[in-house]
Amino acid sequence: MTDCMNAPHPYELAQFLTNAWSALAPQIVGDKRKAQVATLSTVGQGGAPAARSVILRAADRSRACVDIFTDAATPKCAEIANDPRAALTLWRADLQLQLRLSGTIEIDEGAEAKAAWSALPDHALPNYGVTPPPGSNIATAASYTRTPVEARFAILRLTLFDMDVVSLSDPIHTRAFYERRDAWRGVWRAP
Ligand SMILES: Cc1cc2nc3c(=O)[nH]c(=O)nc-3n(C[C@H](O)[C@H](O)[C@H](O)COP(=O)(O)O)c2cc1C
């Protein structure tokens with residue numbers, strides 16, 4: 001990954017975008033408290049915004065998409081099936097970089113999901129298969145079970161329309177906006 005922290009600030013749009021994609025690369029961390037957390041926003045039932053924390057699992061610049069893993073029984077999946085528009089916001093404090101991605105999500109439960117499931121460590125599997133389904137009211141705090149269910153595992157693939165990047169690095173704050181329909185050439189914006 002590019003060492004954005006020590007590199008001089010790029011005042012060139014293409015390099016600024018390269019730094020942004022480097023910042024989106026999922027970091028492998030042994031300690032879950034250090035995992036890179038992003039906020040995924042969807043269109044909730046009734047049209048109100050709905051947001052929650054997620055972990056970024058993959059980023060592919062050539063297709064301009066990012067992946068999140070989820071339990072297909074979570075309410076967000078029903079929201080996405082109803083309206084696939086979504087936004088993902090990420091603050092990389094170490095790089096002083098904010099990334100705001102927007103696009104549409106496809107829910108993948110096919111071959112790629114099967115491959116990703118096979119690669120998950122054992123301790124992660126019970127995250128996909130809570131009964132009753134996530135978000136259900138329960139009688140006591142512990143009135144649920146966690147059993148791995150492969151059929152409940154899904155990849156949420158966010159394919160980007162655009163990306164807004166803000167850098168708070170010295171010496172000045174900088175911001176740029178990139179769009180797929182502009183072939184990701186980008187334009188500087190007032191921060
Ligand atoms: C630090 C952190 C990371 C999380 N990562 C994920 C994730 O990668 N995927 C996911 O579906 N839920 C993740 N969750 C749980 C969600 O924030 C949320 O509580 C759950 O998915 C139900 O969301 P929904 O009711 O909006 O569908 C995470 C929660 C926390 C606190």
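Which residue fluctuates most in the GNM of the chain (Cα springs below 10 Å): Arg57, Arg152, Arg181?
The residue with the greatest mean-square fluctuation here is Arg181.
Enumerate the calculated ³J(HN,Hα) couplings along the stretch 178-191 in order (Karplus 6.51 cos²θ - 1.76 cosθ + 1.60, θ = phi - 60°), each rounded to whole Hz, writing x wherever the residue is Gly or Pro.
10, 10, 4, 5, 9, 6, 6, 5, x, 8, 6, 10, 5, x
For Asp94 and Asp60 in the same chain, what is the full-extension length gain: residue separation times 0.36 nm, less their Cα-Cα distance, in nm?
Length gained, Asp94 through Asp60: 10.1 nm.
Report, in degrees rounded to the nearest 10, the 0 to 90 angle that the Cα long axis of helix 13-24 makes with the longest principal axis of the chain.
30 degrees
Which residue fluctuates most in the GNM of the chain (Cα springs below 10 Å): Arg146, Arg180, Arg92?
Comparing Arg146, Arg180, Arg92 in the GNM, the peak value goes to Arg146.
By how many nm would the segment from Phe161 to Val149 grow when fully extended, if each residue of separation counts as 0.36 nm and the alpha-carbon distance is taken off? Let's see the in-between values first.
Numbers: separation 12, 0.36 × 12 = 4.32 nm, distance 3.26 nm.
Once the chain is fully extended between Phe161 and Val149, it gains 1.1 nm.
Using a Gaussian network model on the chain with a 10 Å cutoff between Cα atoms, which of Ala119, Ala87, Ala14 fluctuates the most?
Ala119
Please give the calculated 222 nm ellipticity per residue for the chain, where each DSSP H segment of at least 4 residues contributes -39500 (n - 2.57) and the sum is spread over every residue; nearest 500 deg cm²/dmol? Walk me through the numbers before you get to the answer.
Working: 3 runs with 29 residues, N = 191.
Using -39500 (n - 2.57) per qualifying helix, the result is -4500 deg cm²/dmol.
Just to confirm my numbers, what's the Cα centroid distance between the stretch 34-82 and the stretch 142-191 in Å?
A separation of 10 Å, based on Cα centres.
Please state the charge dipole magnitude for the chain, taken about the Cα centre, from unit charges on C-beta atoms (+1 on K and R, -1 on D and E), reported in debye and rounded to the nearest 20.
220 debye
Need one word for the chain: rounded, prolate or oblate. Basis is the Cα gyration tensor (sqrt eigenvalues a ≥ b ≥ c); a/c below 1.5 gives rounded, then a/b vs b/c decides.
prolate
Mean separation of Cα pairs under 8 Å and 6+ residues apart, divided by the residue count of the chain: what relative contact order is that in percent?
Relative contact order here is 21 percent.
Find how much the distance from Val37 to Ser136 grows on full extension, using 0.36 nm per residue of separation minus their present alpha carbon separation; answer in nm with one decimal.
33.2 nm
Values quoted throughout were computed directly from the atomic coordinates according to the rules given, and no laboratory measurement underlies them. Since we're looking at a predicted model, the values are computed, not measured. So basically every Cβ, Gly included, is an ideal-geometry build from the backbone, and we count neighbours across all protein chains shown.
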